[in-house]
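Shown next, in structure tokens, is the structure this report addresses.
The values are calculated or read from the model by the stated rules, or taken from the named source; none is laboratory data. Predicted model only: the values in this text are computed from it and were never measured. Here Cβ is always computed from backbone atoms with ideal geometry, including for glycine, and neighbour counts include all displayed protein chains. Accessible surface is based on the protein model in full, side chains and every heavy atom, while ligands, DNA and RNA are left aside. Shrake-Rupley method; radii C 1.70, N 1.55, O 1.52, S 1.80 Å.
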Amino acid sequence: MEVENASVMWQGVMLGAIVFWILCSSYLNFTQKLRSFLQPWVNHHVETGTHVILQIQSYQHRFLDAFFSGLSCVVSVPFYTAFLPLLFWSGHGQLARQMTLLMAFCDYIGNCIKDLVSAPRPPSPPVRRVTATKDEEDNALEYGLPSSHTLNTVCLSGYLLHYVLTHTQNQGPYVSYLGVSLACLFVVLIGLGRIYLGMHSLIDILAGLVFGLGILAFWLAVDKQIDSFVISGLNVTSFWGALSFLLLFAYPTPELPTPSFEYHTAFDGVALGIVAGVQQTYQQFHHDGVPRLFSHDLTIPVFVGRMILGIPTILLVKFCSKALAKWIIPVVANTLGIPIKSSSYVKSDKIKQGGCLQKLLPKHEVFDVDTGIRFVQYAGLAWSVVDLVPSLFTYTNL
């Protein structure tokens, strides 16, 4: 009973602290004050670091363009979004849970800092900016510091290395040394590539490295407690839903609109969907005794069958979740009189302004309905990865 009361208490304290932060930062204009302090310093280093980028780009070659562009794709958010479902379906539930939640945490912290500081990317020209994919074109619209690719690579490669070393038997010091060396080399190549492609200044890379190491150290200290809470805690889904909702409002407003908040919203929804699904189905599909890839019960042909069934299913759920959210959220907002807007998802003729709640909100305060639609869309997708699709695997003997 005491444990339950303590759990409920710390959940309330955490949510209350976030609400307090939202109110204080809004009233004290904390974002603008901190930006006015940090932005000139970062801008100075971006400008003075241009010669470093030009010197690195003096070795321009088509092979290097392709190599660093491909390397950037491997550590991009879309790649991890596609890779993590396969990790769940291969039987590595604990690693998949931790990687997903860590990715969401990295994405939130990194994008918060980007939009808080609102520091520019390297000036182009004179810097040559290589955007080989649509994802890179979107990334170029974000602010620069810190480098998300560097931050994510430090955290995820570091945690993956930690997981492998702690779950592998008969390992020697040479194995650990080789793993650390490969991880460090990978981080260096990612950072160098971001500079070579003209996407980041040296100060962005260093910031990504520092924040990445800090986040990784924090996560390694709390990962077991977080995993224990997700699989067996009290009020898990309701708490995580409230946390996800509040984090949307705790996000700093950038100097100019960027895609960073959209990326956070998507992964915020992914984290909620994963947590809600795992908490409900842990004993059925995600416990430590489930078959793993390359074992007798989960061969490569069976895993290929899982991908053939699972990938179209989660894409269908994503489409249906988006369509359902596009219909429900505007109806609820219009019914409650909440003023809303939509830049892409909802037609203007379906949006009504004015209502009883508008009088209670600050003047000109309008909520972007696209945020809620995107959140529900990705929450539905993530839920299907850990709940619906494993159920289909059971029914089809996969």
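If I filter the stretch 188-208 for residues that are surrounded by fewer than 21 Cβ atoms within 10 Å (Cβ to Cβ), within 16 Å of residue 103 (Cβ to Cβ) and not aliphatic (A, V, I, L, M), do I get at least one hit? So far as the stretch 188-208 goes, no, none of its residues is surrounded by fewer than 21 Cβ atoms within 10 Å (Cβ to Cβ), within 16 Å of residue 103 (Cβ to Cβ) and not aliphatic (A, V, I, L, M). Can you report the number of residues in the stretch 376-398 which are touching a Pro at 6+ places or on another chain (Cβ under 9 Å) and either open to solvent by 30 Å² or more (accessible area, probe 1.4 Å) or over 24 Å from residue 243 (Cα atoms) (or both)? The qualifying residues number 1.
The residue that is modelled with the lowest pLDDT, among those in the stretch 306-337 that are open to solvent by less than 40 Å² (accessible area, probe 1.4 Å) and either outside any helix (DSSP H, G or I) or among the hydroxyl-bearing types (Ser, Thr, Tyr) (or both), is 337.
Residue count for the stretch 107-139, restricted to those that are touching a residue at least 12 places away in the same chain (Cβ under 8 Å), among the acidic types (Asp, Glu) and open to solvent by 50 Å² or more (accessible area, probe 1.4 Å): 0. Could you please let me know if residue 142 is within 15 Å of residue 72 (Cα to Cα) and either open to solvent by 10 Å² or more (accessible area, probe 1.4 Å) or out of contact with any Phe, Trp or Tyr (no Cβ under 9 Å at 6 or more places or on another chain) (or both)? Against the criterion (within 15 Å of residue 72 (Cα to Cα) and either open to solvent by 10 Å² or more (accessible area, probe 1.4 Å) or out of contact with any Phe, Trp or Tyr (no Cβ under 9 Å at 6 or more places or on another chain) (or both)), residue 142 does not qualify. For residue 13, are the conditions met, namely being open to solvent by 40 Å² or more (accessible area, probe 1.4 Å) and of a type in the set (A, V, I, L, M, F, W, C)? Yes, satisfied.
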